[in-house]
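The values are calculated or read from the model by the stated rules, or taken from the named source; none is laboratory data. Predicted model, so just to flag it, every value in this text is computed and none were measured. FYI the Cβ positions are ideal-geometry reconstructions off the backbone, even for glycines, and counts take in every protein chain you see.
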Amino acid sequence: MMYYLVAVMSIIHVDMSRDVYIFDYDFVSFDHCQYYHAVNEIKIDDFLVKTYNYSQDVHQIFCVDAESLTEWVDNHSHAARPGVAL
């Protein structure tokens, strides 16, 4: 099963949503995804903060299986706002 790194940003919008960033990298196992995040945590956080123009911090980062992520995107894409997320 494939896994993806997904970041949830810190700001909560008026509609109670948060910005979500899904990385393009795919991992062959949950452990590989977690290891990649652990080794590159500072670089990942720096990239995300710069991507969001220093307006918010990283709240949490997850390793999510492809099936669950696809289901979540399918069910929430109607609520996506233009920008760097989704």
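General observations
- The C-beta contact set for the stretch 28-52 (first residue more than 23 Å from M1 (Cβ to Cβ), second residue charged (D, E, K, R) and crowded, with 16+ Cβ neighbours inside 10 Å, distance under 9 angstrom, 6+ apart or interchain) comprises Y52/D19.
- Among the criteria (1) part of a helix (DSSP H, G or I); (2) at pLDDT 90 or above; (3) under 14 Å from the mean Cα position of the chain (by Cα), the one W72 does not fulfil is (2).
- Looking only at residues of the stretch 26-48 that are buried (at least 16 other Cβ atoms within 10 Å of the Cβ) and not hydroxyl-bearing (S, T, Y), we find that the one that is nearest to V8 (Cα to Cα) is L48.
- Any hit, the stretch 38-45, residues being at pLDDT 90 or above, of a type outside the set (V, I, T) and assigned to a strand (DSSP E or B): no
- Summed over the stretch 15-25, the residues that are modelled with pLDDT of 85 or more and either among the hydroxyl-bearing types (S, T, Y) or not in a strand (DSSP E or B) (or both) give a count of 2.
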